[in-house]
Structures are given as structure tokens and as C-alpha cells.
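Reviewing the structure listed below.
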Amino acid sequence: MTENSGQWERELVTKLATAALKEQRRARLWGIFFKLLTFAYITLILIMAVDWKSADVAGGKKYTAMVEVNGLIAPGTDASAEKITTALQAAFKDKNTQGVVVRINSPGGSPVQAQTIYDEMKRLRKKYPEIPLYAVVEDICASGGYFVAVGADRIFVGKASIVGSIGVLMNGFGFTGLMDKLGIERRLLTAGENKGMLDPFSPLDEKDKEHVKALMGDIHQQFIGVVREGRGKRLKESPEIFSGLIWTGQRSVDLGLADGFGSLEYVAREVIKAEEIRDFTITEGIAEKFARRFGAAAASALAETLLRSAPALR
């Protein structure tokens, strides 16, 4: 009886000690987590304060406002119409803006997004006639990128820049031959005789093909109209100008697709006469990046803490 009693007491003490150790470990982990959280919060506040101070660094000095159109012009990208038009509005509205430069390095994208940016450029030029708007092309300004560029007062390029591609493209694939070889049967059910148009697993219907070509033709004519409107008499039209071909920056000047050669810095210094450049492009700031990354890290740390303490909670 005494021996059993002593064994039971030892087991009880062992369990109590183990539980205490687990509780201490859990408390220590939570303590570390909340200390990190507090440190991160203070750091975030300091970074936001630095960002705020840097935004007002220009004081009353005039500068060249710059907005970048970089990459694919499409919803959800850095070159979306929403981001570009918002940045342009801020650039024109700023009282210290001497001139605005849209720096373009884009192969094109959505005609709707490009049209929206072009229309906003026209509106802002009319609203702020005293502020010039220029486009500066870096490596490539093709298709939708050029659609945007013609909304500027003047277009500057590099001699080796790629410019043009005034056309419309729609592509896809057809798998009917492969399906025949593999013995695969396509079972497509639609409500509406044209609902399955351009289905890649069905034979291409000539009527569908003609309809899409007409649709692309309409968009192409809209593009051509914008180029003619934006470039006016500077454009030296030829049968090839709207054929979808691309040219070097040097050739684009000869064709009237661009006005001259120059970088962002050149245009700011020599054309706008405001050498200091302020970037109005909408991108994630340091504080936003830190907050997003810290949010993911905090969630990971919390999950790890819960997993480690889980045996003690059960």
C-alpha cells in the first residue's frame, strides 16, 4: 500500500512538472511573438513617418512629374488604366509640376485599358493647358503601348527603341487533329448557336472566323483613328504604317510616329527645364510591402506557436 502510494505520488509530481514545463514553454513562445509584434508595429510607424517626410522633400521647387507605363497594360497589373490614370491625375494636380512625362516600356495589352489611359491624357491636357505632357519610350512601345503614347504632346524615343505594331491580334490553338488520333470525342452543349465560337476542341467554323476578323477590324480602325488624331499632320502615312509592322526609334521619327530622340532625364532637363524628377507612379511603398510581408510572417509565426503548444491544450 505504501509502495503503491509512493509510486502514485511520483507519477503525480512528474505530470505536474511536465505540465508546468509545457505551460512555461507556451508562455515563452507567446511572449516572444508579442514582442516581435510590438517591434514590427513600431518599425512600421517609423517607416511610414519616413515615407511621409520624403514625399514633401521637394518643398516649393518645380520639378518634372514622371509616370511609368511598364509591362503589360491590363487590369490588375502595374500598368492598369486605374493605376496610370490615378497617377496622372496626381501629377497634373500637384502645384509644383512643371511638366509631365509618361515613360513607356510596354509591348501592349488591352485596347480598352489603353483607350482609357489615352482619353484621360487628353482630358488632363485640356484641363491643364499650361502643363506639357510628353511620352518617353525606353526599349519598346508597341501596340497598346503606342496607343497610350500618342496621347502625349510629343513622343521621344531612343534610336534603337522598338516602336509601332499598330494592329490587333487574337490567337489560340486547335486540337481537333490530335483528338482524332487519340480517339477523343468532343461533347459541347450550348444554348445559343454561337456560344461555342472558337472552341479549341471543335473544328474552326468559317463563319466564326469571319465574325472575329470583322470584330478585330473594328478595333483596328479605332486604333488607327487614335493614332491619326494624336499625331495629326506629323504622321507620314503609307500602306505599311498601320499594317502591324514595328520600326526602330530612328525610323519611327522619319515616319512621324515619334518627334525626336531623348531619355527621361534629357526631356526633364532640356525640354521641360525642370531637372529634378518626381515619380508619381503608383506602386507598393516600403510601408505597404513591409506590412504585407509582415502579415504573412506573423500568420506563420502564430500558426507555428499554436502547433507547438497544441499538445498542452489537448
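Brief remarks on what is shown
- Residues of segment 251-266 that turn out to be open to solvent by 70 Å² or more (accessible area, probe 1.4 Å) and closer than 21 Å to Val69 by Cα, as a count: 3
Conditions tested, residue by residue: (1) among the polar types (S, T, N, Q); (2) modelled with pLDDT of 95 or more.
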site	(1), (2)
Ala214	no, no
His220	no, no
Lys236	no, no
Ser243	yes, no
Leu255	no, yes
Gly260	no, yes
Ile272	no, yes
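- Annotation: of all residues in segment 118-142 being open to solvent by less than 30 Å² (accessible area, probe 1.4 Å) and of a type in the set (Ser, Thr, Tyr), the one that is farthest from Val271 (Cα to Cα) is Tyr118.
- Unmet requirement for Asp153, which otherwise passes all of (1) under 29 Å from Arg269 (Cα atoms); (2) open to solvent by 40 Å² or more (accessible area, probe 1.4 Å); (3) touching a residue at least 60 places away in the same chain (Cβ under 8 Å): (3)
- Only strands (runs of 3 or more DSSP E) whose full extent lies in segment 80-174 are considered here, and the ones with at least 2 residues that are more than 30 Å from Val212 (Cβ to Cβ) are 97-106, 133-142, 154-157.
- The residue that is modelled with the lowest pLDDT, counting only those in segment 153-173 that are more than 22 Å from the chain's Cα centre (by Cα) and of a type in the set (Gly, Ala, Ser), is Gly172.
The values are calculated or read from the model by the stated rules, or taken from the named source; none is laboratory data. Bear in mind the structure is a predicted one, so any value in this text is a computation, not a measurement. Positions of Cβ are generated from backbone atoms using ideal geometry, with glycine treated the same way; all protein chains shown enter the neighbour counts. To get the accessible areas, we keep the full protein, side chains included, count just its heavy atoms, and leave off ligands, DNA and RNA. Shrake-Rupley method; radii C 1.70, N 1.55, O 1.52, S 1.80 Å.
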